[in-house]
Amino acid sequence: MQDRILVTGGAGFIGSNFILQSMQDSSCSIINLDKLTYAGNLRNLESIAGNRRYVFVQGDIGDRKLVSQLLAEQTPAAVVHFAAESHVDRSIRGPEDFIRTNVNGTFSLLEESRAYWGNLSEEDRSHFRFLHVSTDEVYGSLRPDDPPFSERTPYAPNSPYAASKASSDHLVRAYHQTFGLPTLTTNCSNNYGRFQFPEKLIPLIILNARDGKPLPVYGDGKNVRDWLFVGDHCEAIATVLRKGRPGDTYNIGGWNEKPNIEIVETICDLVDEMAPGKSPSRRELITYVKDRPGHDRRYAMDASKIERELGWRPKETLESGLRKTVRWYLENHDWVAGVTSGSYRQWIATHYSA
Ligand code: NAD
Ligand code: DAU
């Protein structure tokens, strides 16, 4: 692991898990640059707030002066770039922030990283890495019998979110090909685990099931996603940072393809078991609602390259990971109360009204 890392978007779901895990597993220092949008939450990082190996800076990746200053002052050996607008439904209601942060923000970060890297000593230049965290959604949608996405699958993004991430992936590729910046790109499937904002399927269903509210399932509930426990994703990123080949991309997945309705039913059963309610089964709360426009039918990841070349494989099973996740949301009342007030309620009211 590089000893000093600039992490962007480290107050979000995956970024905060990555920071906590990296600081526990290695002696690295972390500078966390995060704008603190609705999705950023410093509570996730409370346990390291006073740690001398950790610095938090509130700011926008698109603020080039700030990024340039941070790089010059903190002299990181790597940038790990999580910062993004990440929710597909929000990108459908309002794509502009997605272009601003995911495309223009990534461009700014690349430009400043290139300038910084260009001024390093030869030895430091050879060790520097820019790791871009991306998604399987850039590959589009699979039919039932298609093989899973590999690193060679052509890009075919379908939502404004996916298109913005695809654009950023192309920029990262171009900065390697044209300028030689030592980039790494990871494309990962759906994550789940602690600290995920409850606009996303799994935490939304856990909390609604806990509270006896309707469980909204889009369309026929048969859209398929591949699920990966967030701790496994963070380990994969650390592995790519340590051992990945500059210029390469790595698919990361859980080998866990499931239709949404199966995930929702499993959560209902786990909530019934851990927090018995009045009705015999939370499954009674399942409500089919209007489909997401352009809803990708199926994602599946071929994660054999990262296993073959770098020796990473997920450790958590879907069963054990979901059990841990349901328990975490049921036990962490303060965290949940903190994120489900104000603007969250407004989003739920607008998005799920007929
Ligand atoms: P998230 O929405 O939980 O967190 C995003 C973080 O970025 C927040 O802390 C937010 O404040 C910060 N941010 C947003 N705009 C910013 C800006 N302009 N400048 C600085 N900070 C800004 O997202 P997540 O689910 O943790 O996803 C992290 C990354 O991983 C994203 O790039 C996403 O595309 C990618 N990804 C996510 C998943 C998933 O299942 N969640 C899967 C694959 C890839
Ligand atoms: O595949 C990786 C991507 O996974 C990441 O790049 C994104 O940042 C992340 O948000 C996630 O995107 P999805 O759109 O797949 O995740 P979401 O949790 O929003 O939805 C998962 C599936 O559940 C999807 O098929 C839509 C469906 N769904 C979602 C919500 C919020 C429902 O049926 N009902 C809902 O209320």
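The values are calculated or read from the model by the stated rules, or taken from the named source; none is laboratory data. This is a predicted model, so every value here is computed, not measured. Using ideal geometry, Cβ is built from the backbone for each residue, glycine included, and neighbour counts are taken over all protein chains shown. All accessible areas refer to the heavy atoms of the entire protein, side chains included, with ligands and DNA or RNA removed. Shrake-Rupley method; radii C 1.70, N 1.55, O 1.52, S 1.80 Å.
Points worth noting:
- Annotation note: of Asn32, Asn44, the sole residue that is within 10 Å of ligand 1 (Cβ to nearest atom) and free of Cβ contacts under 8 Å to residues at least 60 places away in the same chain is Asn32.
- Of Arg100, Arg152, Arg143, all but one fail to be under 28 Å from Gly253 (Cα atoms), within 16 Å of ligand 2 (Cβ to nearest atom) and of a type in the set (Lys, Arg); the exception is Arg143.
- Of all the residues in segment 208-231, those that are open to solvent by less than 10 Å² (accessible area, probe 1.4 Å), more than 12 Å from ligand 1 (Cβ to nearest atom) and either part of a helix (DSSP H, G or I) or β-branched (Val, Ile, Thr) (or both) number 2.
- Candidates are the residues of segment 253-271 that are without any contact (Cβ under 8 Å) to a residue 40 or more places away in the chain and among the charged types (D, E, K, R); the one that is nearest to ligand 1 (Cβ to nearest atom) is Glu262.
- Looking across segment 232-259, the residues that are open to solvent by 10 Å² or more (accessible area, probe 1.4 Å) and either under 23 Å from Leu215 (Cα atoms) or among the polar types (S, T, N, Q) (or both) come down to Thr239, Thr249, Asn256, Glu257, Lys258, Pro259.
- Annotation for segment 108-116: at least one member residue is touching a residue at least 12 places away in the same chain (Cβ under 8 Å) and either loosely packed, with under 15 Cβ neighbours inside 10 Å or under 16 Å from the mean Cα position of the chain (by Cα) (or both).
- With respect to the stated conditions, Gly321 fails to be under 23 Å from Ala238 (Cβ atoms), open to solvent by 50 Å² or more (accessible area, probe 1.4 Å) and in contact (Cβ under 8 Å) with a residue 24 or more places away in the chain.
- Any chance Gly50 is outside any helix (DSSP H, G or I), away from ligand 2 (no atom under 16 Å from the Cβ) and either surrounded by 20 or more Cβ atoms within 10 Å (Cβ to Cβ) or more than 21 Å from the chain's Cα centre (by Cα) (or both): yes
- One residue from Gln2, Gln21 being surrounded by 15 or more Cβ atoms within 10 Å (Cβ to Cβ), modelled with pLDDT under 95 and away from ligand 2 (no atom under 16 Å from the Cβ): Gln2
- Subset tally (residues that are assigned to a loop (DSSP other than H, G, I, E, B) and not aliphatic (A, V, I, L, M)) for segment 21-45: 8
- Among residues of segment 54-75, those that are open to solvent by 70 Å² or more (accessible area, probe 1.4 Å) and either within 11 Å of ligand 1 (Cβ to nearest atom) or under 21 Å from Asn44 (Cβ atoms) (or both), counted: 1
- Within segment 78-106, the set of residues being surrounded by fewer than 22 Cβ atoms within 10 Å (Cβ to Cβ), outside any helix (DSSP H, G or I) and in contact (Cβ under 8 Å) with a residue 24 or more places away in the chain comprises His87, Pro95.
- Being of a type in the set (Gly, Ala, Ser), within 12 Å of ligand 1 (Cβ to nearest atom) and free of Cβ contacts under 8 Å to residues at least 60 places away in the same chain is a condition met by at least one residue of segment 164-181.
- Residue-level check: of (1) touching a helix residue (DSSP H, G or I) at 6+ places or on another chain (Cβ under 8 Å); (2) within 16 Å of ligand 2 (Cβ to nearest atom), Gly277 misses just (2).
- If the condition is being assigned to a helix (DSSP H, G or I) and touching a Leu at 6+ places or on another chain (Cβ under 6 Å), then segment 172-194 contributes only Tyr175.
- Tally of residues being in contact with a Ser or Thr (Cβ under 7 Å, 6 or more places away or on another chain) and open to solvent by 10 Å² or more (accessible area, probe 1.4 Å) across segment 195-206: 1
- Test: residue in segment 119-139 that is more than 16 Å from ligand 1 (Cβ to nearest atom) and within 28 Å of Gly254 (Cβ to Cβ): yes
- The single condition among (1) surrounded by 13 or more Cβ atoms within 10 Å (Cβ to Cβ); (2) over 19 Å from the mean Cα position of the chain (by Cα); (3) under 30 Å from Pro246 (Cα atoms) that Asp302 does not satisfy is (2).
- In segment 149-186, residue least open to solvent (accessible area, probe 1.4 Å) [restricted to those that are within 20 Å of the chain's Cα centre (by Cα) and over 23 Å from Ile99 (Cα atoms)]: Phe149
- Criterion applied to Glu309, Glu262 was being within 16 Å of ligand 2 (Cβ to nearest atom), open to solvent by 40 Å² or more (accessible area, probe 1.4 Å) and at pLDDT 95 or above, and the one residue passing it is Glu262.
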